[in-house]
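First comes the structure, then the notes that go with it.
The values are calculated or read from the model by the stated rules, or taken from the named source; none is laboratory data. As the structure is a computational prediction, the values presented were derived from the model and not from experiment. Positions of Cβ are generated from backbone atoms using ideal geometry, with glycine treated the same way; all protein chains shown enter the neighbour counts. Ligands, DNA and RNA are stripped out before the accessible areas are found, and what is left, the full protein with its side chains, is counted by its heavy atoms. Shrake-Rupley method; radii C 1.70, N 1.55, O 1.52, S 1.80 Å.
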Amino acid sequence: MADPLDQRTRFSRWLVRLAHPLVSPALALVTAFAVGAVTMLLSGDNPLTAYWGLLQGAFGGLDALSRTLRTATPYILTGLSVAFAFKAGLFNIGASGQFLMGTAASVAVGVLVKGVPAFIHLPLALLAGFAGGALWGAIPGVLKVWRGAHEVITTIMLNYIASLFTSWLVYAGGTQGQQPGPLSDPAAAAQGISQTGTILPTAKLPELLPDVLTRVHWGLVIALVAVPVIWWILKRSTFGFEVRTVGENMSAARYAGMRVNWTIVLSMAIAGGLAGLAGTVECLGLHGRFAPEFTGSAGFEGITVALLGRTEPVGVLLSAVFMGGLYGGAAKMQFESGVRSEIIQVVQALVLVMVAAPELVRVVYRMRARRSEEDTAESKLATGWGG
Amino acid sequence: MTDIVLEARHITKAFPGVVANDDVSLSLHRGEILALLGENGAGKSTLMNVVYGLYRADQGEILIEGEPVQLSSPRDAIRLGIGMVHQHFQLVQPMTVTENILLGSEITLGRTPFLDFEAGRQRVRELSVRYGLSVNPDDVIEHIPVGVQQRVEILKALYRQARILILDEPTAVLTPQEIQDLFRVMRELARGGHSIIFITHKLREVLEVAHRIVAMRQGRVVGESLPESSTQATLAEMMVGRKVILQVPKGPAHADQVVLEVRDLSMSATRGGVALKDVSLEVHAGEILGVAGVQGNGQTELVEAITGLRHVQSGAISMNGSNVTAWSPRQRSSMGMAYIPEDRHRFGMVGSYSVAENLVLNTYHLEPYSRRGVRDDAAIRDHAEQLVQAFDIRTPTVDTAAGSLSGGNQQKLVVARELGREVSLLVASQPTRGVDVGSIEFIHRQIVAQRDRGIAVLLVSAELDEILTLSDRIAVLYEGEIIATVEASQATREQLGLLMAGVRAPLNA
């Protein structure tokens, strides 16, 4: 049988192989922006001015770039969190709760541990943040292997618990004699403001290049280092082999003698730790304190980031920067074109729909369904409720 | 007026990367039992799915009673009098026989939307008597044996007035006696003017029941013959395209000390499974113990208990004298237990992984494949190169995804992984299911070679021929119990057939 592939040149085959993983995310983006443009046209706006403004706001100049990178920093880590769990066959919707628990733990260390030098205090705070998220992530893992509770359900519920718990931690107290939370700052509480005290300077993540980039902190470096580390764990370590085998075929993993339950719990813990770290660098590098306005929405963005990045670490990095630009540039877009920045949320939601429903993209572009390994992440998502 | 009831002309059907049917023509006469013979992937099922309206052919046409027809769904096929009994039954388990048969073409009370169950039940009874397909219309499907479920499937087709019946591998789930029953019904139907296409890869059955035999290979019709002028050997050659050895040569066993001992093993049934009751068996070094039985009589449970994938409730499993009942699969594996699982896609391999990765699926954590938690890809690939050579795995490279290999080569990959290291016990569960004849021969040779090297082999198979060919002793499993163990040299097909049906043979048999 003559395979048409054989007639292609080596170069073009190489090109196809290189480009293939980019095809469906690219089509998802094109579609999302096209629908966004139609929406703008319907409301009488000019999409070209809007998108130009968006591009300017995202990458036009150092200020814009700083904003994009600042926004992207937690996205990289939450994206890695969702992607790592995905490799183990788990859908981590709980990055948001893990983000909050990590934040709370690191801020507690940053505020309460006093009189230690920065080279101890800062790593301790980072570690606490990772551990807080890891612990929160491990819970759904344990529930899954112990009682078969589906992680999608348990992580969603744990998000609520984390959100309310962290609010209580910093609660200012009420006029009817309600006790303030253990982490609430007395001075702020006196004015009825719920927040923690400012973290000590020894726990602060310094700015990366204060003279060049505005408020971009060392958290970006931590996130950038996490990318190859996660890649290495997945692709080169024995543990990563177990993680991927459990994700690809749990029965085969069990049959091969792998400790499936342990792998699931540990994978969820690592995923949780990464999300916790996202919240940690956000607080230690940017806000310097924790307040309930801190919603952990970066945890939800992590899902889009991971899926758009095809759950590969490098893909996560690229899509995190892209999403960072999308949000970073939204304000500029509104200023330039008068198009409300909420339209960006529409575009972003469309991106999520497109990457989460690969069949939709295929129907739109009349692509043939490929049953290759590259598509497993998506098809697993589409059928993920069975397992 | 022709007596050709169904004709397929020049059917071509391609799927991405493979031409499943390449200019296939076939005709079926009134009252004929036509055997469609071929290995997995030969294109039999594709052709039948085209005839049944599940696939649309790229080219070619289908004629029924000489008239070209358009089949765009099974509904069309049913309307035109075609019925199909799939290999996996399409029955609703908690419903009764009558409800299943009526489903989709119900009889109503006059013009009301209410079911006329009495009329339906009456109709089922009539059909059942007329064709000798005895069923009780009020039995619930999940409570009746597989052989009876199959009768319900056939009745379902007859109720829809099928004149042409397609039976896809109908004997795979039956005992030898149930197979005889089915053949009787098939002959009865043919005499009454029905026409039957019988899909199978079992040569013995073809010779027994078919009026005419058509063989397919690689999407084409490669031969046609009559049972009177065929033997198993000529049919096998027609099907495979070269001479095949149906029975691997095998000398007498030299059984040595006990390697695997199972004592009074019991466990209760899990959902959809079978309970094991006081199962005891011994496998000696240098012998093959075959476990015969119809599918679903506790084979899966027994094998998973022995390999450590399932916890047992009582009883003991020991290997080389050590009690391993509480050991993990990994501990048992490192003790020298090799395991060829019954479903390679689910258990045996990870389709998206490379051949090399699959070959270390259970040893990846050991040196030299990994050191201090870091994988050594060079060592993994070296190992794979060696095994690919030694076990004749046909793959472009060791980096090829295992899922893209043929079924036979995937199974060879599993065999290579399990036997490519030092072991003392081999547990092989359905080792040749869905595998081409050439690979079956290779795998059988490997199993016998392992026995001759002094390895204890536990062979679990639902194929009686495989059990009879390879085993030195045969244990028969029926509803989770071992109801007899016999010397293979003294066992007869009839005796085993009775045992597989749960009839305990008298001691003097």
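Computed values, structure above
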item	result
The protein assembly as shown, Rg to Rh (Cα coordinates; Rh as Kirkwood inverse mean 1/r)	1.04
Theoretical ellipticity at 222 nm over chain B - DSSP helices of four or more residues, -39500 (n - 2.57) apiece, nearest 500	-9000 deg cm²/dmol
DSSP-loop trypsin sites (Lys or Arg not before Pro) across region B:22-99, with at most 15 other Cβ within 10 angstrom	B:R56
Net charge of neighbours whose Cβ lies under 9 Å from the Cβ of B:G298, counting Lys and Arg as +1 and Asp and Glu as -1	-2
In region A:84-168, the trypsin sites (Lys or Arg not before Pro) that fall in loop regions by DSSP, at most 16 other Cβ within 10 Å	A:K114
Per-residue mean of C-beta atoms belonging to partner chains within 10 Å, peptide B:324-333	2
Calculated log₁₀ intensity ratio I(q)/I(0) where the Debye formula runs over C-alpha points of chain B, q = 0.06, 0.08, 0.11 Å⁻¹	-0.32, -0.57, -1.05
Chain B, accessible area per residue, ligands and nucleic acids excluded (1.4 Å, Å²)	43 Å²
Mean separation of Cα contacts under 8 Å (6+ apart) over length of region B:258-500, as relative contact order %	29 percent
Mean accessible surface per residue for chain A, computed with a 1.4 Å probe while every protein chain stays in place, in Å²	46 Å²
Counted charge near B:I483, where neighbours are those whose Cβ lies closer than 12 Å (Asp, Glu -1; Lys, Arg +1)	-1
Exercise: per-residue mean of other protein chain Cβ atoms within 10 Å, B:360-370	4
Whole-percent carbon and sulfur share, accessible surface of the protein assembly as shown, 1.4 Å	57 percent
Stretchable slack from B:H86 to B:A379, in nm (0.36 nm times residue separation minus alpha-carbon distance)	100.9 nm
Per-residue mean of C-beta atoms belonging to partner chains within 10 Å, peptide B:107-113	0
Cleavage-rule hits, trypsin sites (Lys or Arg not before Pro), region B:391-446, DSSP coil, Cβ neighbours within 10 Å at most 13	B:R394
Inter-label distance for B:S229 and A:R215, nm, one decimal - labels placed 7 Å from Cα along Cα-to-Cβ	9.1 nm
Computed magnitude of the charge dipole of region B:407-509 (debye, nearest 20; Cβ of K, R +1, Cβ of D, E -1)	260 debye
Pairwise burial B:A, computed as accessible area of each alone minus the pair, summed, 1.4 Å, Å²	2200 Å²
